[in-house]
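The values are calculated or read from the model by the stated rules, or taken from the named source; none is laboratory data. As the structure is a computational prediction, the values presented were derived from the model and not from experiment. Glycine gets a Cβ as well: all are built from the backbone with ideal geometry, and neighbour counts include every protein chain shown. The area values use the complete protein model at the heavy-atom level, side chains included, leaving out ligands, DNA and RNA. Shrake-Rupley method; radii C 1.70, N 1.55, O 1.52, S 1.80 Å.
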Amino acid sequence: MARPTSPRLRQKQDQKPDQEQDEEQERLRRQHGPRRRARAAVLVRAALIATGLVTVYYVLPLDGRSTSGTSVLLACGLLLCVVVFWWEVRAITYSPYPRLKAVEALAATLIFFLLLFAGTYYLLEHSTPGSFSEPLTKTDSLYFTLTTFTTVGYGDITARSQTGRVLTMIQMAGGLLLVGVAARILAGAVQAGLRRRGREPSDEFTSRPED
């Protein structure tokens, strides 16, 4: 014959699930706090990087270079872009939040890539006037770079000289590599970072806990 349960024992049994639920919610709040701060930090750093690079682009004097000097500058800039990108890939694998770090890395690399070609077009037009369909300001150069990268190509500004067209084709090829190959490399680095921390791949931008 079953022994009757006392009212006090039943009360304790009823309170136990509530306590476990409260403890689970508290644990989730402790986990989500650092993640929210990490998201905010990534957005702030990305905005600061973009602002800083654009400011340098407009402030840096880009006059008085020959065509060969412009080509050397572009080559060095592309090499620097690859080095920075590779450093960012390594940083992703050791970051506590790999996906967030990947977003920051992609933003920095993309902005640097676009500004590098914008500066190159500006230098080319000033060292060899007539390389484009109209004289370029720094804003015009950035506009032409963005329309080329996004494949919009409004046609109001076009490359006329052989050097200008070669540089534009290099940007097109580099843009395809950046969108395809670089994005795949970043995704692989994110997976490696998650495996290093013993976590299943998930998205830091969601509220799902990652233990």
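Here is how the numbers come out for the structure above:
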{"quantity": "Yes/no for Gly130 being farther than 25 Å from Ala47 by Cβ, open to solvent by 50 Å² or more (accessible area, probe 1.4 Å) and outside any helix (DSSP H, G or I)", "calculated": "no"}
{"quantity": "Among the residues listed as Thr55, Thr93, Thr51, the single one being under 15 Å from Ala118 (Cβ atoms), out of contact with any Ser or Thr (no Cβ under 6 Å at 6 or more places or on another chain) and of a type in the set (S, T, N, Q)", "calculated": "Thr55"}
{"quantity": "The listed residue being open to solvent by less than 90 Å² (accessible area, probe 1.4 Å), at pLDDT below 80, among the small types (Gly, Ala, Ser) and assigned to a loop (DSSP other than H, G, I, E, B), out of Gly64, Gly33, Gly69", "calculated": "Gly64"}
{"quantity": "Unique match (being touching a Gly at 6+ places or on another chain (Cβ under 6 Å), at pLDDT 85 or above and part of a helix (DSSP H, G or I)) among Leu110, Leu176, Leu123, Leu116", "calculated": "Leu116"}
{"quantity": "Test: Asp14 is over 15 Å from the mean Cα position of the chain (by Cα), modelled with pLDDT under 85, not in a helix (DSSP H, G or I) and not small (Gly, Ala, Ser)", "calculated": "no"}
{"quantity": "Qualifying positions in the stretch 58-88 - acidic (Asp, Glu) and in contact with a Ser or Thr (Cβ under 6 Å, 6 or more places away or on another chain)", "calculated": "none"}
{"quantity": "Residue satisfying all of: in the stretch 151-169; within 17 Å of Leu115 (Cα to Cα) and either out of contact with any helix residue (DSSP H, G or I) (no Cβ under 9 Å at 6 or more places or on another chain) or in contact (Cβ under 8 Å) with a residue 60 or more places away in the chain (or both); most open to solvent (accessible area, probe 1.4 Å) among these", "calculated": "Met169"}
{"quantity": "The stretch 137-165 - residue that is polar (S, T, N, Q), more than 28 Å from the chain's Cα centre (by Cα) and not in a helix (DSSP H, G or I) and, of those, nearest to Leu110 (Cα to Cα)", "calculated": "Thr158"}
{"quantity": "Qualifying residue in the stretch 180-193 (condition: surrounded by 14 or more Cβ atoms within 10 Å (Cβ to Cβ), over 14 Å from Pro98 (Cα atoms) and modelled with pLDDT under 85)", "calculated": "yes"}
{"quantity": "Among the candidates Val89, Val83, residue that is closer than 23 Å to Gly174 by Cβ, touching a residue at least 40 places away in the same chain (Cβ under 8 Å) and hydrophobic (A, V, I, L, M, F, W, C)", "calculated": "Val89"}
{"quantity": "Selection status of Pro96, in a loop (DSSP other than H, G, I, E, B) and at pLDDT 85 or above", "calculated": "no"}
{"quantity": "Residue ID - most open to solvent (accessible area, probe 1.4 Å), chosen from residues in the stretch 93-111 that are under 19 Å from Leu80 (Cβ atoms) and of a type in the set (A, V, I, L, M)", "calculated": "Leu106"}
